[in-house]
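As structure tokens, the structure follows; a few thoughts come after it.
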Amino acid sequence: MKQPENPQSELRDPKLKVVFVGHVDHGKSTLIGRILHDTDSLPEGKIDMVKKACAAEGMEFEFAFVLDALLEEQKQNVTIDTTQIPFRTARRNYVIIDAPGHKEFLKNMITGASRADAAILVIAANEGVREQSRRHAYLLSLLGIKQLIVVINKMDLAEFSEKRFLEVESEYRKFLVDLSLEARAFIPAAARQGENVASRSEKMAWYRGPTVLEAFDLLEPQKADVDLPLRFCVQDVYRFDERRIVAGRIETGTLRVGDELVFSPANKSSVVASIERWNAPPDGAAVAGDSIGITLSEQIFIERGYVASHETDTPIETNRFHADLFWIVREPLRVGRPYNLRLATQEVKCQIVSIEQVMNSSTLETKIDKREQLERNEVGRLTIETRGPLVIDNHDRIPNLGRFVIVDDDEIYGGGTIFGGVYTDRSVAKSQNIFWSEGKITARERALRSGHRGAVVWFTGLSGAGKSTIAQALERELFNRAMQTYVLDGDNVRHGLNANLGFAPEDRVENIRRVSEVAKLMADAGAVVITAFISPYRMDRRRAREIALEGNAEFIEVFVDAPLDVCETRDPKNLYKKARAGEIRDFTGIDAPYEAPEDAEIVVHTDRQSVDESVATILEQLLPRLKADEPNE
Amino acid sequence: MVKFVIIAKEDTVMSQLSHTHLDQLENQSIFIFREAYHAFKNIAMPWSMGKDSNVLIWLARKSFFGKVPFPVLHIDTTYEFPEMLEFRDWATKHYNLNLIVKINTEARERGIGYETHDPVTVTHELKTVALQQVLAEYKWDALITGIRRDEDPTRAKERYFSARNAQFEWDYKDQPPEFWEQFVTAAAKGEHVRVQPLLDWTEVDIWRYIQRENIPIPQMYFARNGKRFRSLGCSPITQPINSTASTIDEIIAELESTRTTERAGRAQDHHERNAMQKLRAKGFL
């Protein structure tokens, strides 16, 4: 099925890649078969062979069978995945990528459509706009496909009626407006009979627009955008010889020797000394789409993931942003769970802070219900927080820097597009040294990196009240939200740090003092430290608070409250029994006092609340206090 | 050894503002090479000395500014054309390549050979098993291959980065999605990832690029005495086609008028129905 090719167009004009989508049975295969036939792109004798086979089976000939036969021949019993079928018009060469009709359609449609220059959406006139007609268009808009041709097919089943055509067109046009998509053409067609495919239909003389093939020729290859602001994404820094070459691809814009570039997120500048290409004529400029290398006049630290721009038009640097995310795997997306996020050549850890809306991709109806997870094939509008600073653009401004994938277990789980990011004037920020100063690392910088502030969460309560159990459950909850957290309790400090201390009152005081100091340091390092000690004396707890505040760490006292008799009944370590029997001395609640807190930030009643309920109570009040500041405020 | 060098007639000056089809392919391949080189510490590139293989080396040098920063691997079946071996030695020196040659000596000692066995068996033993052996030895996480979607129906389904399990199996029925040029860049223990920078190229693209860049290739691709090789493999099972094409322009003209497939002269593909599919499912490149 090799086509005679026009060498000039082959060399100069890239092949235009088109993808066919639409509701099942609306005629995608028939339309493809018809196009291949009408453009003389089928191998010799193919049609006759299929016609004969149909006659032998007593079936009516269908163009869809031609495609089936072609694919059958191509696939040799292998399930079709992304495949390519070429055809050409007088104007140029085309490739149909991803033929329709297989099971894992979504995964493959996304893979195929993401490489397409344009999409052909097929709607059957008799059935009208259906679920997949809408969902596919929605996915196309998320993938960034801008050129769309809508073929209203099977007009023969709607009596070639202009009224019916206009009905379907008007309904679908409205839907596309909501997606900010605009169809290049709505074409009434009957693929089976070839009406308005290659030749103008006499039965639909009322239609004055282009035929399907004419509309194809009006499409343009999706070009890397030279007119947008410069974004040069660093893939690597090479030192194969004496040169230090920053290698990468220009996603948008133009880069010239002598340009001053700003590298984000470091926000450092240097001037382009040379543009490096091997075995190519020297050139003082490189444009969107070029895979190049550059050398700089001033050696600044640069690594993979950095994005170079011109100072007048820098990208956004943030660790928190809004996005629409489509989810393609069975395992649901969960709020708080850590994932990897890849955007251009950047890769960072991230977590979903919240899912604000879930959108039905076929009706575009949004449901605002605070969801904790997103299921396969759903699209969520959500807030994402990354561990480190991320360089982004809004998708509607610079698509290549405004889209990202969520990766887990080295597989792509979903893809998203960014909106609503606020651009700041970086030259101002730079002069005020707001971003990433070089001096001592501040608590705020640490918080921006980890996505939360450090804090001391001080549990107090009787033995058996449930401090350790709740502390561990809380630690797990925080950990699952990708937070740095650690529990200090008798088990891990008594054996080492405080191994020389007993249970006498002065030893207890010293025990708590040391724990307070360690907790402060860990909180200063950015961790959420949970301490689980009886810590019976008000004075000791006040001191723990003061120590924490000295270190600028937030101190949150949690009173794990349960009546003595309840604790004594639980008696998990048989300590009460031993204390009652006089085998241990100075036991809190028996022969030593417990001074209940009067102004604890959080109180849980473990005699009435389960572990889960207690943890929920704590989380509700704790999490807002741990939020990192917005970086751009 | 000037004899491998082809003099380009094509004007190589390009307009920077409008990328040609070849520019796009080249830029994309370079991007893929660099992604792979960053993602995998331990990487190698099989090299058959065929036209696609030589384009691959050329693109590696484009990507890494003249250097090929990883070993190239020749799986020597011991049935190589002498001209190919001559070319191998010339190019290794000329490009300063770190060449690793692997022969499945164990199979040869067992008497596996085209004289006594069918081509599918021999290809499997002397190519795929040899590759498994050398992979086990060097523990590469990734192999950069020169396969193209248009070569063979099963290759049409490939991704740019495609994981192979320890048994070398390729699960083409359930491949992960690949979009926005974000690739699977990790190999589990015992696995490796096939990186395929030429996936979108066609046979004609390869020839036009060889012409544009003046890339040295073995002379066997050009017609001598009315015959030329369109695709090169083991000497006993690779047949030349009837052709008078002795320049790249003539080869391109010939390709544009032919309706037979590129690998028609490769016997192992046609030994039995679905031979290529079976070979590939077992790990053949």
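The calculated P(r) of segment A:250-344, using every Cα pair and 10 Å bins from 0, goes 13, 38, 24, 17, 8, 0 in percent. Each residue in A:HIS23, B:HIS38, A:HIS310, A:HIS495 was given a count of other beta-carbon atoms within 10 angstrom of its own, and listing them fewest first yields A:HIS495, B:HIS38, A:HIS310, A:HIS23. What fraction, in whole percent, of alpha-carbon pairs in segment A:446-626 exceed 28 Å separation? Considering segment A:446-626, 20 percent of its Cα-Cα pairs are separated by more than 28 Å.
Counting other beta carbons within 10 Å of each residue's own, what order do B:MET45, A:MET359 fall into, fewest first?
Going from least to most buried by this count: A:MET359, B:MET45.
In units of the rule-of-thumb radius 2.2 N^0.38 Å, segment A:190-272 shows an alpha carbon radius of gyration of 2.07. Taking the alpha carbon gyration tensor of segment A:319-422, multiplying each eigenvalue by 5 and rooting it gives semi-axes of 19, 16, 13 Å, largest first.
Once you've got the Cα coordinates, tell me which of A:LYS17/A:LYS163; A:LYS223/B:LYS62; A:LYS15/A:LYS349; A:LYS28/A:LYS163; A:LYS107/B:LYS67; A:LYS15/A:LYS174 are over 26 Å apart. Flagged as over cut-off: A:LYS17/A:LYS163; A:LYS15/A:LYS349; A:LYS107/B:LYS67; A:LYS15/A:LYS174.
Within 10 Å of each residue's Cβ, count the other Cβ atoms and sort A:THR417, A:THR30 from fewest upward.
Lowest count first: A:THR417, A:THR30.
Between segment A:229-296 and segment A:322-376, the alpha-carbon centres lie 34 Å apart. Within the protein assembly as shown, all pairs of alpha-carbon atoms sorted by distance into 20 Å bins from zero give the percentages 12, 37, 31, 15, 4, 0.
The Stokes-Einstein estimate for segment A:100-249, based on a Kirkwood radius over Cα pairs and taken at 37 °C with 0.692 mPa s viscosity, is a diffusion coefficient of 186 µm²/s. Using the Karplus relation 6.51 cos²θ - 1.76 cosθ + 1.60 with θ = phi - 60°, the per-residue 3J(HN,Hα) values for segment A:404-420 come to 8, 10, 9, 10, 9, 6, 6, 10, 6, 9, x, x, x, 10, 9, 9, x Hz, with x marking Gly and Pro. Each residue, A:LEU157 and A:ASN126, gets one label point 7 Å from its Cα in the Cβ direction; the gap between the two is 0.4 nm.
Every read-out reported here was derived from the displayed coordinates using simple, explicitly stated rules and does not represent laboratory data. Being a predicted model, the structure only gives us computed values, none of them experimental. So basically every Cβ, Gly included, is an ideal-geometry build from the backbone, and we count neighbours across all protein chains shown.
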